[in-house]
């Protein structure tokens, strides 16, 4: 995420130019084992994404309290999913992804952490054929929806989410929003290039180019998702778009644990977390789990 002092410049970039065309990624599935290994290692919990992982883990935990079975769509190497599962050991999680090598990386990761409440299944998130109607207490997805090739695929995914969710089920979907300036896309994609493999930065650039517009998420969510789902975005620059159901009460022990994890972040990443918190707060999202 950008430092807050950068917002005025990049807000002008976002709103002052014609919207960039969406560039769907050349492939929906990352199947090359070396690419998967490099991507997984660069994106683990102690890397440059540490603040984002902790923020989403806290927000997801607020949404899924009281759930028994949670499905994670497009779980990838399960870095995010594993952290959520660690924080919520009483809940069972099912991670789904279309890449077999990615799921192998995910399996290895959760085994290394000793987690017993996470399982994985190969599957297409636009056709959840192995999931029964109204069988999931919650559906989550973090930074995966931009991999979908088209609006029709996004619509199909949201329709499947509505089908498998129980009435009143919980929902947390977050992804990139498409920016309007190529300069902004390149800035965000390569701002941490010296701290990570080139493949990770390149994937970030492709992801930003492939992202859907905030307006796309709003229209498809209204059309397909349960009425309790609300759409939020980061302030001024919709670099992150979040669709979620209402929060539930966090247990005191979990709130205390989240605050401890926040304090344990290296200073640089803790500043990143504060930026994310503020950008979503200014974007209208309340009930901060770190307060």
Criterion (closer than 19 Å to residue 161 by Cβ and either touching a strand residue (DSSP E or B) at 6+ places or on another chain (Cβ under 9 Å) or surrounded by fewer than 24 Cβ atoms within 10 Å (Cβ to Cβ) (or both)) met by exactly one of 48, 63: 63
Across segment 255-274, which residue is surrounded by the fewest Cβ atoms within 10 Å (Cβ to Cβ) among those that are at pLDDT below 95 and within 18 Å of the chain's Cα centre (by Cα)? 269
Residues that are under 27 Å from residue 208 (Cβ atoms) and either over 18 Å from the mean Cα position of the chain (by Cα) or surrounded by fewer than 22 Cβ atoms within 10 Å (Cβ to Cβ) (or both), drawn from segment 159-182: 159, 160, 176, 180, 181, 182
Only listed residue being under 21 Å from residue 220 (Cα atoms), surrounded by fewer than 22 Cβ atoms within 10 Å (Cβ to Cβ) and in contact (Cβ under 8 Å) with a residue 12 or more places away in the chain, chosen from 72, 133, 137: 133
Any hit, segment 223-237, residues being in a helix (DSSP H, G or I) and either in contact with a helix residue (DSSP H, G or I) (Cβ under 6 Å, 6 or more places away or on another chain) or crowded, with 20+ Cβ neighbours inside 10 Å (or both): yes
Filter result for residue 119 (out of contact with any helix residue (DSSP H, G or I) (no Cβ under 6 Å at 6 or more places or on another chain), without any contact (Cβ under 8 Å) to a residue 60 or more places away in the chain and over 20 Å from residue 248 (Cβ atoms)): yes
For segment 242-273 the number of residues that are farther than 17 Å from residue 286 by Cβ and touching a strand residue (DSSP E or B) at 6+ places or on another chain (Cβ under 8 Å) is 0
Pair list, Cβ under 9 Å, 6 or more apart: segment 86-110 residue at positive phi and buried (at least 20 other Cβ atoms within 10 Å of the Cβ), other residue assigned to a helix (DSSP H, G or I) and at pLDDT 95 or above: none
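The values are calculated or read from the model by the stated rules, or taken from the named source; none is laboratory data. A quick note: this is a predicted structure, and the numbers were derived from the prediction, not measured. For neighbour counting, all protein chains shown are included, and Cβ atoms are generated from backbone atoms with ideal geometry for every residue, glycine included.
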